[in-house]
Amino acid sequence: MAIFLTGSTGYLGSYLAMGLFTGHRDSLNLLVRAKSDQEARERLWQSLQLHFEFPEFRDYLATRVRFFRGDLTSERFGLSDDEYHVLVDTTDSILHCAASLNRKSEKQCLNVNLRGSLEVIQLARRVQNRNGLRRYSHVSTVAVAGTRQDEVVREDESIDWARSDYDPYARTKKFCEHMVHQLLPDVPRTIFRPAIVLGDSRKPETTQFDMVQAFSVLASLPLLPLRPDDRIDIVPADYVGKAIVAIHQKEAAAHNTYHLSSGTASQTYRELTDALAKDGGWRKPVYVSSLGSPFSGTVNWLARKKSNLGRGASLLKVFWPYLTWNTVFDNSRVVAELGGEAPEKFSSYAYPLLRFSRTNKFRYPAKPWPAEGAAAKSATGSAGA
């Protein structure tokens, strides 16, 4: 039997696959958009090379992976009847991570987040009816809390249907949680809500650059239109991945919803910029919170420009509400579940992350699938007898 994992070719999904490979022995049923099994392998390699060298990756591929080449938004993922029945019969738990992070597109969020999640929930329903489902885990977001200001939010206080949402991403993810609870009442289910997932506390490399690029723009400004003592809830991807895998694999979780966040230990902007100035040898910025409104207008204007600056401004425009809400999400549940382990502070790894991203022009230096001869040599450690 296997864990059905969606989103394995994405950033956070790669951490889940890595954690399952290295810390557990389960096989993985992976849903991947691809026209051939080789294309599926190459897409997975693009994602997992952040964590593995090729020989180790290929060993896992050969022994513990079954690909289901399909589309999250198609009925039964676009699989044939035989393929779908195999998927139902071989799955004993589901970890749904795939999502559209396009916060500006209502259409894409509706299609991927709502329609796609419904397909995964329907699979869960069929597995439960057929063989029983050990657990359904759903990766959501703290953004389901809607418009907030100057708050500490606990898990059971997040969903408030009377509150407005900042964007289509938050709105659709909130309703996804609702579908999970309404349609799978008899299934052990866990909702994970990551805060701002940014970088890896153990290494500078990353393959996800949108938020890093937005921070790079802010870090380059001599004047910051923010309140210096506002906190921003940032959590490293390695902590989020570890928490999701550990709780998903537990026989019984203590709660059904977890904030994967820095919580009340979230750092202030002043703490972050002081650390960056120290590590980078930069001058500390001046904070002028009264510039917030004109800055927002300038960002909106720059976002229409086709340039690197325009790209950064476009990202800032999307994330701006989350940079100014001074809201953090209580993480005492997950810290207790992980035996007291809390996430590393962003200031401890922010500068290496920023330096790596700028050096590589906000692109991961991905390695292609090795040629056949090189792959064989890599797998055996020699060119042959």
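The values are calculated or read from the model by the stated rules, or taken from the named source; none is laboratory data. Just so it is clear, the structure is predicted and the values come from calculations on it, not from any experiment. Here the Cβ is made from the backbone with ideal geometry for all residues, glycine too, and neighbour counts use every protein chain on show. Quick note on the areas: whole protein, heavy atoms, side chains included, nothing else; ligands and nucleic acids left out. Shrake-Rupley method; radii C 1.70, N 1.55, O 1.52, S 1.80 Å.
Here are some notes:
- Candidate aspartates and glutamates for bridging to Lys250, where Cα separation is under 18 Å - those fewer than 8 sequence places away on the same chain excluded: Asp26, Asp92, Asp186, Glu337, Glu341
- Entry for Rg and Dmax of the Cα atoms in Å (calculated from the structure that is shown) out of (1) 23.0, 72; (2) 21.7, 68; (3) 21.3, 72: (3)
- Modelled spin labels at Lys305 and Leu338, positioned 7 Å past Cα toward Cβ, are 3.9 nm from each other.
- Note on region 177-314: dipole from Cβ charges, positive end direction compared against Ser289, Ile196, Val240; the farthest Cα belongs to Ser289.
- Amide H contacts under 5 Å for Glu151: Thr327, Val328, restricted to partners 5 or more places along the chain or on a different chain, H placed in the peptide plane at 1.01 Å from N.
- Amide N proximity, region 214-249 versus Thr264 label position 7 Å along Cα-to-Cβ, cut-off under 18 Å: 230-234
- Relative contact order of the chain, taken over Cα pairs closer than 8 Å and 6 or more residues apart, is 18 percent.
- Were the residues from Arg283 through Asp150 laid out at 0.36 nm apart, the gain over their Cα-Cα distance would be 45.1 nm.
- Rounded tilt (10° steps) of 116-130 against the dominant C-alpha axis of the chain: 40 degrees
- Cut-off under 5 Å, modelled amide H: who pairs with Ile234 long-range: Ser262, Gln267
- Solvent-accessible surface of protein heavy atoms, probed at 1.4 angstrom with all chains present, puts Leu5, Leu183 in the order Leu183, Leu5, largest first.
- Normalised contact order of region 16-171, rounded percent, pairs of Cα under 8 Å and 6 or more residues apart: 21 percent
- Residue-wise HN-Hα couplings along region 66-71, as the Karplus relation 6.51 cos²θ - 1.76 cosθ + 1.60 with θ = phi - 60° gives them from phi, are 10, 8, 10, 7, x, 10 Hz; Gly and Pro carry x.
- Test item: Cα-centred dipole of region 1-98, Lys/Arg +1 and Asp/Glu -1 on Cβ, debye: 220 debye
- Compared with the dominant principal axis of the Cα atoms in the chain, helix 350-359 is inclined by about 80°.
- Rolling a 1.4 angstrom probe over the chain with all protein chains present gives an accessible area of which 49% lies on carbon and sulfur atoms.
- Dipole of region 23-175, positive direction: furthest Cα of Trp161, Leu44, Ser93, with charges on the beta-carbon: Trp161
- When shorter helices are ignored and each DSSP H run of at least 4 residues is given -39500 (n - 2.57), the per-residue value for the chain at 222 nm works out to -13000 deg cm²/dmol.
- Applying the Karplus relation 6.51 cos²θ - 1.76 cosθ + 1.60 with θ = phi - 60° to region 258-271 yields 3J(HN,Hα) values of 9, 7, 9, 8, 8, x, 6, 8, 4, 8, 7, 4, 5, 4 Hz, where x marks Gly and Pro.
- When the surface is traced with a 1.4 Å probe over the full set of protein chains, Glu337 keeps roughly 40 Å² accessible.
- Per residue solvent-accessible surface (Å²) - region 1-151, probe of 1.4 Å: 41 Å²
- Euclidean distance between Cα centres, region 276-304 to region 77-151, Å: 37 Å
- Under the criterion of Cα pairs below 8 Å and six or more residues apart, the relative contact order for region 79-140 equals 50 percent.
- Surface listing: Thr147, Thr268 arranged by accessible area from highest to lowest gives Thr147, Thr268, probe 1.4 Å.
- The amide H of Thr91, built 1.01 Å from its N in the peptide plane, has Ala2 as neighbours under 5 Å, considering only residues 5 or more places off or on other chains.
- Of the trypsin sites (Lys or Arg not before Pro) found in region 49-121, those that fall in a DSSP loop while having at most 13 other beta-carbon atoms within 10 Å are Lys104.
- The accessible area of Trp369, taken with all protein chains in place and a 1.4 Å probe, comes to roughly 50 Å².
- Summary of the geometry: region 323-377 and region 155-183, compared by the centres of their Cα atoms, lie 26 Å apart.
- Cα-centred dipole magnitude for region 178-266, charges only on beta-carbon of K, R (+1) and D, E (-1), debye, nearest 20: 100 debye
- In a simple Cβ point-charge model (Lys, Arg +1; Asp, Glu -1; nothing else charged), the chain has a dipole of about 1180 debye relative to its Cα centre.
- 3J(HN,Hα) couplings calculated from phi for region 235-251 with the Karplus curve 6.51 cos²θ - 1.76 cosθ + 1.60 (θ = phi - 60°) are, in sequence order, 9, x, 4, 5, 5, 4, x, 4, 5, 4, 5, 4, 6, 4, 8, 5, 5 Hz; Gly and Pro show x.
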